[in-house]
Amino acid sequence: MTRPRIYLTRNIPDPGIEILRNTGDLTIDEMNEETGPDRQRVLAGVREADVLVSLLTEPIDGEVMDANPNLLGIAQYAVGFNNIDVDAATERGLPVSNTPGVLSDTTADFAWTLLMASARMIPQGHNYTVANRYKIWGPNLLLGADISPGGSGEPKTLGIAGYGRIGRAVRKRASGFDMKIIAFDPYAPDSVFEEDGVERAETLDPLLEASDFISIHVLLNEETRHLFSTEEFSKMKSSAIIINTSRGPVIDEAALVTALKEGQIGGAGLDVYENEPAMAEGLTELDNVVLAPHIASATRDTRGKMASMAAENAVAHLEKRPAPNCVNPEVYETEAYQKRVKGS
């Protein structure tokens, strides 16, 4: 019996590779962590595959899907799937899956890592020290911001934009700092806020005005693109620090650079960027930002679990059964899907 063909656009951790190799003939397009396949290579890989395992770095649109009418599914190695035209996939009878849930704690940890590093100026202190500039202790050296009540005795306010799994995990970690919490999420039920004892902001403005720190955890869509721009920065405290581990385009990056330069806000910690991996002009020159290369979920355990989840979804696609984490489950009831699986 012919083994199924699996096309993986870029290398993923070993737990997923093992499952995929045990399932079929695996082609890994790009092994280098710092590069990815160009579009023509992706199109060529899909033409020879029964299932596609994709990463956020490759746009998967109708042209890619049409490269192989017999493709059985797309298994995304990520929670987000903005790189995939899911409507086009559903129209063509293609199930799309992702890897949700597993990275909530890891991402919440990293949001706090950025928050604390930004507030206490850890990267700046590291650079100062390794440059051999530390000659004597000084009372005005690298004065950061308290996260706990600290010297003022006043609790700080954490604003959470997007109160899903990751937002709630961020809130949980704030309890040790005696922070006030305010959250904005028009789609979360009231019961979630009541259960967590969190103040609900009915609009974004109260959160902007009250928060000492803002951590972003929204999905990227037309409603949230540039959710934070010039007007929003103007409403924030001049000392406020904004943290983004969600999706880059949620922040208008050029407007952020201006706000940071002009002192409209105090600082930022970013793991994602509007036109990743490119950054807005001037961002890397600022001394009140902490910048990371999209590593919020980058722990061995979490990335390994994501890999095995993506692989298990791919196996389900190949076996023509509902994937454990399908983002368009309605596809299974379509005539297009039935035609696709019967024709393969």
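This table checks each residue for (1) modelled with pLDDT under 95; (2) within 28 Å of I160 (Cβ to Cβ).
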| position | (1), (2) |
| --- | --- |
| T35 | yes, no |
| P100 | yes, yes |
| M116 | no, yes |
| G125 | no, yes |
| Y128 | no, no |
| A131 | no, no |
Q: Within the stretch 28-62, count every residue that is of a type in the set (D, E, K, R) and either free of Cβ contacts under 8 Å to residues at least 12 places away in the same chain or closer than 13 Å to L94 by Cβ (or both).
A: 4
Q: Kindly list the number of the only condition in (1) of a type in the set (D, E); (2) crowded, with 18+ Cβ neighbours inside 10 Å; (3) within 30 Å of A145 (Cβ to Cβ); (4) in contact (Cβ under 8 Å) with a residue 60 or more places away in the chain that fails for D287.
A: (2)
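Table: residues versus (1) under 21 Å from R165 (Cα atoms); (2) assigned to a helix (DSSP H, G or I); (3) not polar (S, T, N, Q).
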{"position": "N221", "(1), (2), (3)": "yes, no, no"}
{"position": "R225", "(1), (2), (3)": "yes, no, yes"}
{"position": "I243", "(1), (2), (3)": "yes, no, yes"}
{"position": "S246", "(1), (2), (3)": "yes, no, no"}
{"position": "A259", "(1), (2), (3)": "no, yes, yes"}
{"position": "I265", "(1), (2), (3)": "no, no, yes"}
{"position": "A268", "(1), (2), (3)": "no, no, yes"}
{"position": "P293", "(1), (2), (3)": "no, no, yes"}
{"position": "M309", "(1), (2), (3)": "yes, yes, yes"}
Q.
Criterion first (at pLDDT 95 or above, surrounded by fewer than 14 Cβ atoms within 10 Å (Cβ to Cβ) and out of contact with any strand residue (DSSP E or B) (no Cβ under 8 Å at 6 or more places or on another chain)) does R321 satisfy it?
A. yes
Q. Do we find that E253 is touching a helix residue (DSSP H, G or I) at 6+ places or on another chain (Cβ under 9 Å), surrounded by fewer than 23 Cβ atoms within 10 Å (Cβ to Cβ) and charged (D, E, K, R) in this structure?
A. no
Q: Identify the residue in the stretch 219-230 that is over 17 Å from G267 (Cα atoms) and of a type outside the set (K, R) and, among all such residues, is surrounded by the most Cβ atoms within 10 Å (Cβ to Cβ).
A: L227
**Q.** Filter pass, G125 being of a type in the set (G, A, S), assigned by TED's automatic domain parsing to the domain that holds D109 and surrounded by 12 or more Cβ atoms within 10 Å (Cβ to Cβ)
**A.** yes
Q: Could you grab the pairs with beta carbons closer than 6 Å, sequence gap of 6+ or different chains, first residue in the stretch 205-234 and within 27 Å of V79 (Cβ to Cβ), second one of a type in the set (K, R)?
A: L208/K235; L220/R247
Q) From A89, A183, A131, which residue is closer than 29 Å to V64 by Cβ and of a type in the set (G, A, S)? A) A89
(Q) Residue under question is F233, and the condition is that it be of a type in the set (F, W, Y), in contact with a strand residue (DSSP E or B) (Cβ under 9 Å, 6 or more places away or on another chain), closer than 30 Å to G282 by Cβ and surrounded by 24 or more Cβ atoms within 10 Å (Cβ to Cβ); does it hold? (A) no
Q | Residue ID - farthest from I295 (Cα to Cα), chosen from residues in the stretch 74-83 that are hydrophobic (A, V, I, L, M, F, W, C) and assigned to a loop (DSSP other than H, G, I, E, B) | A | F81
**Q.** Only listed residue being at pLDDT 95 or above and either within 22 Å of the chain's Cα centre (by Cα) or exposed (fewer than 15 other Cβ atoms within 10 Å of the Cβ) (or both), chosen from A259, A268
**A.** A268
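Residues are listed down the side, and each one gets a yes or a no for (1) assigned to a helix (DSSP H, G or I); (2) outside the structural domain of N313 (by TED's automatic domain parsing); (3) under 21 Å from N98 (Cα atoms):
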position: I19; (1), (2), (3): yes, no, yes
position: N22; (1), (2), (3): yes, no, yes
position: A44; (1), (2), (3): yes, no, no
position: A49; (1), (2), (3): no, no, yes
position: V53; (1), (2), (3): no, no, yes
Q) Across the stretch 60-82, which residue is surrounded by the fewest Cβ atoms within 10 Å (Cβ to Cβ) among those that are modelled with pLDDT under 95 and under 25 Å from the mean Cα position of the chain (by Cα)? A) N82
**Q.** Residues located in the stretch 303-323, provided they are more than 25 Å from the chain's Cα centre (by Cα) and among the charged types (D, E, K, R)
**A.** E319, K320, R321
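The values are calculated or read from the model by the stated rules, or taken from the named source; none is laboratory data. Predicted model only: the values in this text are computed from it and were never measured. Here the Cβ is made from the backbone with ideal geometry for all residues, glycine too, and neighbour counts use every protein chain on show.
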